[in-house]
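To start, the structure itself, in structure tokens.
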Amino acid sequence: MGLFRQNIESMSGYQPGEQPPRGGRLVKLNTNENPYPPAPGVRRVLQNFDASLLRLYPDPVFKDLSRVISGLCGRGADEIIVGNGSDDLLTMALRSFTSAGRKLSVFTPSYSLYSVLAKIQDCECDEISLDEKNGFSLPDDAETRIADASLLIICRPNAPTGNSFPLDRIASLIDACNGVAMVDEAYADFSDDNCLELCRSRKNAILMRTLSKSYSLAGLRLGYALAAPEIISGMMKVKDSYNVGMLSQVLAIEALSDRSHFEANLSKILKTRAFLSDSLSARGFRVFPSQSNFVLVEPPSPWKAEKLYQDLKRNGVLVRHFSVQNVDKFLRITVGTDNEIKFLLEQIDLIVPGPEGLSAI
Ligand SMILES: Cc1ncc(COP(=O)(O)O)c(C=O)c1O
């Protein structure tokens, strides 16, 4: 018998996006981080923080932070749970609701961590294909397929495709699911609408958000989820006792409280997203309409996505290429600053696609 459980022995781990050394020369457009700094108060609190407080454990039930989230989302403190990033909340959900014989349903392509967590949990993962020809839309029979799921995860806006499924379909999926339905809204702040209201009125719905993208705090590791008190109290039993550090809690309060910084940051990203999408369309790329802080594109023939990814990296720009069937013809490009996107476009214009996708630089 091996040291590991059989399912761990046989699985591959999640592959996070490349994190090149800090201060390097690469323009980093590969992991959907925010190119702008977090709210100024985050730096201020960090500078004035009394390090001796770190002797103590943090608040295990994040009371002060929950109060701020409650003010923003209109849910009670007993309807909020906070995680060490939303990845932590996903782990809690898988551990709470799935096991062998209790299946997870997800759509594909989507955030690949979902199916990796299912393998760790040793539960069935039903991956339901989105319809690429119709802009990665939900298939007509999705409600039937997910009815018997113990946990359904819907990513909206979806990653890496960038689209938002219609709100009435989200409502109908949650209602059709006999288990718990989780809506991963990591990118919702960049979208025209969100699922806050429709999840509020549904007892089996969990809505999940993160500060990693729209609040420029990927390094902090802070996500939160909203659900009915019975769901939250069950997940509280599953979480690590002190899963959110003291610094993370105070800095998150600061970031969430600065609404004008948040709005200004968002409007810059949305403007640059439109510029990036238009510029790549004009160069013959197939550009999927995005409701997120990234854009999924297919380079024009004879370019090959993987070769263009390598050529761009050599020229100083890191974008995301997934070596996964059906997704390997695309690149996912994070919306950076205007200057970063201009540099990306300059490099694309310099790299000449040969018949084999050879770089001429
Ligand atoms: C769809 C989606 N959900 C969740 C996450 C995880 O976010 P966090 O940094 O809060 O763990 C990501 C990160 O890229 C993501 O793309």
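Within this structure, T108 fails the test of being over 30 Å from V287 (Cβ atoms) and not assigned by TED's automatic domain parsing to the domain that holds F294.
Checking the condition touching a Phe, Trp or Tyr at 6+ places or on another chain (Cβ under 9 Å), surrounded by fewer than 20 Cβ atoms within 10 Å (Cβ to Cβ) and charged (D, E, K, R), which residue from K268, K237 passes?
On inspection, the qualifying residue turns out to be K268.
Consider segment 1-43 and keep the residues that are among the acidic types (D, E) and at pLDDT 90 or above. The one that is nearest to D87 (Cα to Cα) is E33. Selection of first residues in segment 1-12 that are part of a helix (DSSP H, G or I) and of second residues that are surrounded by 10 or more Cβ atoms within 10 Å (Cβ to Cβ), restricted to Cβ pairs under 7 Å at least 6 apart or on distinct chains, gives the following pairs, ordered by first then second residue: N7/K119; N7/D122; I8/I120. Screening K119 on (1) under 20 Å from N243 (Cβ atoms); (2) part of a helix (DSSP H, G or I); (3) among the charged types (D, E, K, R) shows it passes everything except condition (1). Test N315 against the stated conditions and say whether it is touching a strand residue (DSSP E or B) at 6+ places or on another chain (Cβ under 9 Å) and either over 22 Å from R156 (Cβ atoms) or in contact (Cβ under 8 Å) with a residue 40 or more places away in the chain (or both). Answer is no for this residue. Yes or no: S290 in a helix (DSSP H, G or I), within 29 Å of L222 (Cβ to Cβ) and hydroxyl-bearing (S, T, Y)? It is false that S290 is in a helix (DSSP H, G or I), within 29 Å of L222 (Cβ to Cβ) and hydroxyl-bearing (S, T, Y). Of L94, L89, which residue is in contact (Cβ under 8 Å) with a residue 24 or more places away in the chain, closer than 24 Å to S233 by Cβ, buried (at least 16 other Cβ atoms within 10 Å of the Cβ) and out of contact with any helix residue (DSSP H, G or I) (no Cβ under 7 Å at 6 or more places or on another chain)? Residue meeting the stated conditions: L89.
Comparison of A176, A188 shows that the only residue that is touching a Lys or Arg at 6+ places or on another chain (Cβ under 8 Å) and among the aliphatic types (A, V, I, L, M) is A188.
The values are calculated or read from the model by the stated rules, or taken from the named source; none is laboratory data. Because the structure is predicted, anything quoted here is derived from the model rather than measured. So basically every Cβ, Gly included, is an ideal-geometry build from the backbone, and we count neighbours across all protein chains shown.
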